[in-house]
C-alpha cells in the first residue's frame, strides 16, 4: 500500500503576494523596548501594525502585558516645563510673564512713538512748505489786486465825468492792470491731517495757531467769493452793450460809455464801486494771512501773539 503523499502547508502570503514570516510572540518587555525605540510619534503606528498581525494570524497569542500594550495607544508626551513647588517659584513665574508683557508693550509703544514722530515731522514740513508757497502767492495777489483796483478807479472816474457832462477818457481794456486772476491760497496738508487724525500729534499751541489761520482762510474765502461775484457783475453789464474793444481780451470787458444813457452810467458806476470795495476787502484778508504766514514761519508758538499782531494791523489800516 503506497503511503499517502505528505504535503507541507504553504506559507501564508500577504496582500502583495510575498510569504508572511511568522514571528514569535513578543513579550511585554520586548514590546516596551521596541515601542520606546520607535519614539512617541511612531508608537501608534507600531501598535496598529502589531494588532493587525495578531488578528490575521491566530497562532500569535500575545501575553497579558503585551496584549494590554496592543489595546491601549500610548499618549503623546511632552517634556514638562517645570513645576511650581513653592511661593517663590510661583512669583518667579509671574515676574517672568509680567516682564515679558512689559517688554512687548514697551516695544510696541516705542515703534508707535517713532511712527507718530515721523508723521508729526512730515506734517510740520508740509505746513512749512505750504506757508512759504502761500506767502509768495498772497504777495503776488495783493499786487495784482492793487493794480486792478487802480484800473477800476480810473474807469469809475471816467464814468463819473460822463455823468457830470465831462469827457474824461477811460483806461483801455487792454491795459495790463485789467487783470483779475487772483486764486485764493489753501491749507491742503492741514485739511488732510484733520481727516486722518494726524493733526492731534501736534502740540496744543500749534493746533490753536493753525485753527486761527484756518479761520482767517474762511474769512478770506468769503471775500474772494464776493470779489468773484462783482467781477461777474462787471462782465454781465458789459455784455449788455456794445464793447469798447475786442472781446477776446483777457481782462474784464468794458462797454462803450459814450453810448450809455445817464441811468445806465449811474448803474455802471455802482457796479464798478462794488468791485472796488470787494477787491479792497479781499486784498486786506490776504495781507492778514501774509502776516500770519510770516510769523508762523519765524517760529511763533503763542496763538495770543498772533491775534494781537492781527489786531494791530487792523487798527493801522
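The values are calculated or read from the model by the stated rules, or taken from the named source; none is laboratory data. If you're wondering where the values come from, they're calculated on a predicted model, not measured in any experiment. Backbone-built Cβ (ideal geometry, glycine too); neighbour counts: all protein chains shown.
From the list 211, 186, 178, exactly one residue is more than 30 Å from residue 118 (Cα to Cα) and either modelled with pLDDT of 90 or more or touching a helix residue (DSSP H, G or I) at 6+ places or on another chain (Cβ under 8 Å) (or both). Which is it? Just a single option satisfies the conditions, and that option is 178. The condition of being part of a helix (DSSP H, G or I) and either touching a strand residue (DSSP E or B) at 6+ places or on another chain (Cβ under 7 Å) or at pLDDT below 95 (or both) holds for only one of 306, 286, that being 306. Checked against (1) at pLDDT below 70; (2) touching a helix residue (DSSP H, G or I) at 6+ places or on another chain (Cβ under 7 Å), residue 138 passes all but a single condition, namely (1). Scan the range 255-264 for residues that are surrounded by fewer than 19 Cβ atoms within 10 Å (Cβ to Cβ) and in a helix (DSSP H, G or I) and jot them down. Within the range 255-264, 258, 259, 262, 263, 264 meet the criteria. Does at least one position in the range 217-231 carry a residue that is closer than 24 Å to residue 170 by Cα, buried (at least 20 other Cβ atoms within 10 Å of the Cβ) and at pLDDT 95 or above? Yes, there is a match, as at least one residue in the range 217-231 is closer than 24 Å to residue 170 by Cα, buried (at least 20 other Cβ atoms within 10 Å of the Cβ) and at pLDDT 95 or above. Residues in the range 285-317 that are within 30 Å of residue 155 (Cα to Cα) and in contact (Cβ under 8 Å) with a residue 40 or more places away in the chain: 6 in all.
Screening 192, 158, 138 for residues that are part of a helix (DSSP H, G or I) and closer than 27 Å to residue 263 by Cα leaves exactly one candidate, 158. Being part of a helix (DSSP H, G or I), assigned by TED's automatic domain parsing to the domain that holds residue 181 and farther than 28 Å from residue 121 by Cα is the requirement here; does residue 219 meet it? Yes, satisfied.
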